[in-house]
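Input: a single structure, listed below in structure tokens.
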Amino acid sequence: MERTVERDSGFEGSGRALRDRLTRLVAVGEVGVLLALIVLVAFFYMMEPAFLSERNIRAILRVVSFIGIIAIGQTILLVCGEFDLSVGAVAGLSAVCSAKLMTALALPVPLALLGGVMVGAGVGLVNGLVVVKLKIPAFIQTLGMLFIGQGLIQVVTNGYPVYPLPPIISDIGYASIIFGLGWSFVFFVIAALGADFVLRRTVLGRNMYATGGNPEVARLVGIDTNRYKIGAFMTVGALAAIAGMFVMADLASGTTSIGSGWELNVIAGVVVGGVSLFGGAGTMAGGLIGVLLLQVVTSGLVVVGVNANWQQIAVGVIMVMAVGLDILRRRFFIAGSGGAQPVAASTEPAAKPS
């Protein structure tokens, strides 16, 4: 009898251990989106082998390098429990302001580029202060800033492209560094690796997860959650500015269309990649894989000849499904695993009150 009980206990223990391992695997957002990416690539390749042509792969990575730069900042901001709908307008505004500094004021190129970054960071600072200090929801504030930014673009440019720009700007835009891709892709890779390291391996990153996961507990252990949120808003604003100026270099002019519609593509991508809209969950790798997945869907539908209107429908459906899966994962898997929440990481010594 005792042997039977021991054997049953062993089976129960091994079953529980297997279930816990599967739970932890499913709770990792990038696993599912990576599998979905592989399936989609295989599907579009079977439909049209030209999908994996060198030209099409380069085109996909080129677009991802622009949107992905902003997605890095958006992922950081979502981890902190907020989001920014104004990133597209900020990208366009920063680009045309930088172009105006080069043309109308004839400033040196480095100063003009720095000015564009400062415009983006400044808008992020305003968003952060309004959300944190005035307690206006990020949705309302950043949506309002989206319209303000679009209006300022027209004011700065009078509705016309800003050109001609200095030759060095064209050189940056037309450069081929690796696989026919330019400096935007190089910057994207370096920034992604750096941001991933910060989120995974540093106290700063653990405090960001704590800020988004449980801000009340984070404040109790001495984390200045307001400062982290403002800093995240400034980061996404600065990165949006950099992405916009890379597009400006690619076009060799500051056009009013730069950044148009990027905000929804960025948020949809990182959410599809498992970064939670509720804060405190998700990884940089998952968010960027999600951006790549959406671009694969868009490009694949074009290659197989699907009407452009269906592309937007596909992106919307994928985003809704991703948010639904995120809710289910948090409700049934993460909560059911009994694992430590991200806020537990905030108990590191560096997070103690000063």
Under a 1.4 Å probe, what is the accessible area of segment 189-334 per residue, stated in Å²?
42 Å²
Can you tell me which of 258-265, 106-113, 95-102 comes out highest on packing, and rank the rest after it, using the mean Cβ neighbours within 10 Å?
95-102, 258-265, 106-113
Expressed as a whole percentage, what fraction of the accessible surface of segment 201-308 belongs to carbon and sulfur atoms when a 1.4 Å probe is rolled over the protein heavy atoms?
59 percent
Under the 7 Å Cα-to-Cβ spin-label approximation, Val306 and Leu107 lie apart by a distance in nanometres of 4.3 nm
Orientation-averaged projected area, Cα convex hull of segment 114-176 (nm²)
6.0 nm²
Mean Cβ neighbour count within 10 Å, used as a protection proxy, ranking 192-198, 117-123 highest first
117-123, 192-198
With a/c under 1.5 counting as rounded, go ahead and sort segment 185-278 into rounded, prolate or oblate using the C-alpha gyration tensor (a ≥ b ≥ c being the square roots of the eigenvalues; past the cut-off, prolate if a/b is larger than b/c, else oblate).
prolate
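The values are calculated or read from the model by the stated rules, or taken from the named source; none is laboratory data. No experiment lies behind these values; they were computed from the predicted model shown. We place every Cβ from the backbone using ideal geometry, glycine too, and count neighbours over all the protein chains shown. Quick note on the areas: whole protein, heavy atoms, side chains included, nothing else; ligands and nucleic acids left out. Shrake-Rupley method; radii C 1.70, N 1.55, O 1.52, S 1.80 Å.
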